[in-house]
Structures are given as C-alpha cells and as structure tokens.
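The values are calculated or read from the model by the stated rules, or taken from the named source; none is laboratory data. Keep in mind that this is a model prediction, so the values were computed, not measured.
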Amino acid sequence: MNYDDPMNPTPATTTQAAAESAAQAWETTKEKAGEALHTGERYVRENPGTSVLGVFGTGLLLGVLIGWSMACEERDDYSESTRKLLKRWGHKLNLD
C-alpha cells in the first residue's frame, strides 16, 4: 500500500478527520440542545398554566396506557384461571 499518494490517505489522517468531524458534530448538537432548552424554559415561564396542563395530560395518558397494559396481562391470567374454575364447577355439577 502506497501511503505517499495524496488520493490514498493514511489511516492516521482518516482517523484524525473522523475525530474532528465527530467533535464538530458534538459541538453543534450541544448548541442546538442549549437553544431548545432555553426556548422551552421561556415557553414555560410565559405559559405556566398550559405547561402544567400539558404535563398533567401526559402523565394521565402514560398512567392509562400502563394500567391498560397491566390489565391486559392480568386478564390473560384471569381468563385462564376463570376457565379452569368454570370447568371444575361444571364437573362438580355434572354439566358435562
């Protein structure tokens, strides 16, 4: 492999270029995240009622979704145990 050819960069040059590109991308991301944070803080200060209601609504939605998910899991267990119970009662009452 010929490392003197300008069209064929060395591994060290390629690594350095990738590191510089990653560092620049990180700085850009930090700047944009900082701007988003300041924009969000300003919105919350200007609209506290809307912000509180939004957070409340989001929490309520998450609670309903989690509760529904847990109820579905329990319902599966419940339906199986209910089926077994009814089958036993059917045998005891000679309803076969």
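Of all residues in the stretch 42-51, those satisfying the criterion of being part of a helix (DSSP H, G or I) and more than 22 Å from the chain's Cα centre (by Cα) are ARG42, TYR43, VAL44, ARG45, GLU46, PRO48, GLY49, THR50. Taking the condition aromatic (Phe, Trp, Tyr) and at pLDDT below 90, does TYR78 pass? Against the criterion (aromatic (Phe, Trp, Tyr) and at pLDDT below 90), TYR78 qualifies.
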